[in-house]
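To keep things clear, I will list the structure first and then write my remarks on it.
The values are calculated or read from the model by the stated rules, or taken from the named source; none is laboratory data. Here the structure is a predicted model, which means the values were calculated and not measured. Because the Cβ atoms are built from the backbone with ideal geometry, glycine has one as well, and the counts that use them run over all protein chains shown.
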Amino acid sequence: MSGPEPGGRGDPATLELTATVIVGAPVATVFEALTRWERQGDWIPFTTVTVVDGDGGEGSWIEAVTSVGPASLRDRMRVTRLDPPYEIQVMHEGRVLRGPGVLRCTPLERDRTQVVWHEWFLLPGGPLGRLSAPLLWPGSKAGLTQALKRFARLVEGGRLP
């Protein structure tokens, strides 16, 4: 299948982010904490998460609203796959944030779990999208990493799930 040549004028830019953390808890506990959608605001700053349709499982619609002062960003996503206790897949389908995301949980020895959070955001096409990706990446990467570290502390402290 062919499409527009990458980097073409109408091509969307992709912002790819990955963050990893080791959580001192069994994989089932970590997975359960990650799928407590409404609790994500406890570890993702300035964010409120709501299940807007469904039970939080596959096919459910989740909405995360991040607000700082008067500015807010609405992230509407569909849960496309749950493979407990190893993987969560979502598809961001909002007006601004679009693209797939995945959270993977890998059990390690001594009841520890590695969590890898990977997102691919399709930014608007054209020069603005291509210019914005490298500018957005450092802050977005740092925010994702800090959120996962906060998540690990909450799980290890027994405050999640």
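Per-structure values
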{"quantity": "Which listed residue is of a type outside the set (Asp, Glu) and more than 22 Å from Leu160 (Cβ to Cβ), from Leu34, Leu103, Leu97", "calculated": "Leu97"}
{"quantity": "Sole exception among (1) assigned to a strand (DSSP E or B); (2) surrounded by fewer than 17 Cβ atoms within 10 Å (Cβ to Cβ) for Leu82, by number", "calculated": "(2)"}
{"quantity": "Residue under evaluation Val51, criteria (1) surrounded by fewer than 14 Cβ atoms within 10 Å (Cβ to Cβ); (2) part of a strand (DSSP E or B), criterion not met", "calculated": "(1)"}
{"quantity": "Residues that are in contact (Cβ under 8 Å) with a residue 24 or more places away in the chain and among the aliphatic types (A, V, I, L, M), drawn from the stretch 72-94", "calculated": "Leu73, Met77, Val79, Leu82, Ile88, Val90"}
{"quantity": "Every residue from the stretch 33-46 that is closer than 18 Å to Ser140 by Cα and surrounded by 18 or more Cβ atoms within 10 Å (Cβ to Cβ)", "calculated": "Gln40, Trp43, Ile44"}
{"quantity": "Tally, over the stretch 15-45, of residues that are of a type in the set (A, V, I, L, M), assigned to a helix (DSSP H, G or I) and under 11 Å from the mean Cα position of the chain (by Cα)", "calculated": "1"}
{"quantity": "Given (1) assigned to a strand (DSSP E or B); (2) modelled with pLDDT under 95, index of the condition Arg104 fails", "calculated": "(2)"}
{"quantity": "Residues (free of Cβ contacts under 8 Å to residues at least 24 places away in the same chain and surrounded by 12 or more Cβ atoms within 10 Å (Cβ to Cβ)) located in the stretch 61-71", "calculated": "Trp61, Glu63, Val65, Thr66, Ser67"}
